[in-house]
1. Answer yes if at least one residue in segment 21-33 is closer than 11 Å to Asn5 by Cβ, open to solvent by less than 50 Å² (accessible area, probe 1.4 Å), of a type outside the set (A, V, I, L, M) and not in a loop (DSSP other than H, G, I, E, B), and no otherwise.
2. Take Gln39 and tell me if it is without any contact (Cβ under 8 Å) to a residue 12 or more places away in the chain and outside any strand (DSSP E or B).
3. Looking at Arg37, Arg65 in this structure, which one is farther than 16 Å from Gly1 by Cβ and either modelled with pLDDT of 95 or more or open to solvent by 50 Å² or more (accessible area, probe 1.4 Å) (or both)?
4. So which residues in segment 6-28 are of a type in the set (S, T, N, Q) and within 15 Å of the chain's Cα centre (by Cα)?
5. Give segment 15-64 a look and list any residue that's polar (S, T, N, Q) and at positive phi, or say none.
Amino acid sequence: GLGFNIVGGTDQQYIANDSSIYVSWIKKDGAAYLDGRLQEGDKILAINGKELKDLRHKDAVELFRNAGCYVSLKIQRRLQPQNGPVCHQADGDSGGLPLAAILVPGVALAAAAVWVLLRYRQRM
């Protein structure tokens with residue numbers, strides 16, 4: 001298999017008033033785990049170009065079982081950890097601050113602190 005379980009569907013809504021399909025569990029050392037991109041809580045929008053809209057759970061499962069060797073998933077990434085509320089954003093839209101926006105000021109602050117410390121030590 002693909003190494004993950006799904007929940008949801010028109011007949012088994014995982015989130016109230018939402019019949020979407022979600023990743024509920026990823027098997028350690030399974031295909032999805034080894035690939036590393038899929039995460040528990042991700043909303044699966046399509047598999048191999050086929051949208052997963054308005055499907056019963058068993059029909060969605062059948063699509064995954066018949067997906068073949070090469071599988072392409074379109075997902076929405078969850079933004080919050082699973083123990084908090086689940087919300088989503090479109091895959092490929094990173095949102096929030098880029099990592100550089102956090103690291104660059106942090107490195108600059110650390111460099112300034114080292115410079116001040118060295119200047120202080122020279123005066124002693």
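The values are calculated or read from the model by the stated rules, or taken from the named source; none is laboratory data. Since the model is a prediction, treat every value here as computed from it, not as a measurement. We place every Cβ from the backbone using ideal geometry, glycine too, and count neighbours over all the protein chains shown. Protein only, heavy atoms only, side chains kept; ligands, DNA and RNA dropped before computing areas. Shrake-Rupley method; radii C 1.70, N 1.55, O 1.52, S 1.80 Å.
1. yes
2. No, not satisfied.
3. Arg37
4. Within segment 6-28, the first condition is being of a type in the set (S, T, N, Q), and the residues that meet it are 10, 12-13, 17, 19-20, 24.
Ser24 - this is the single residue of segment 6-28 that is of a type in the set (S, T, N, Q) and within 15 Å of the chain's Cα centre (by Cα).
5. Asn17, Asn48 - these are the residues of segment 15-64 that are polar (S, T, N, Q) and at positive phi.
Here's the yes/no breakdown for (1) assigned to a helix (DSSP H, G or I); (2) at pLDDT 95 or above:
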position	(1), (2)
Leu45	no, yes
Cys69	no, no
Arg77	no, no
Gly84	no, no
Ala101	yes, no
Ala108	yes, no
Ala112	yes, no
Val116	yes, no
Gln122	yes, no
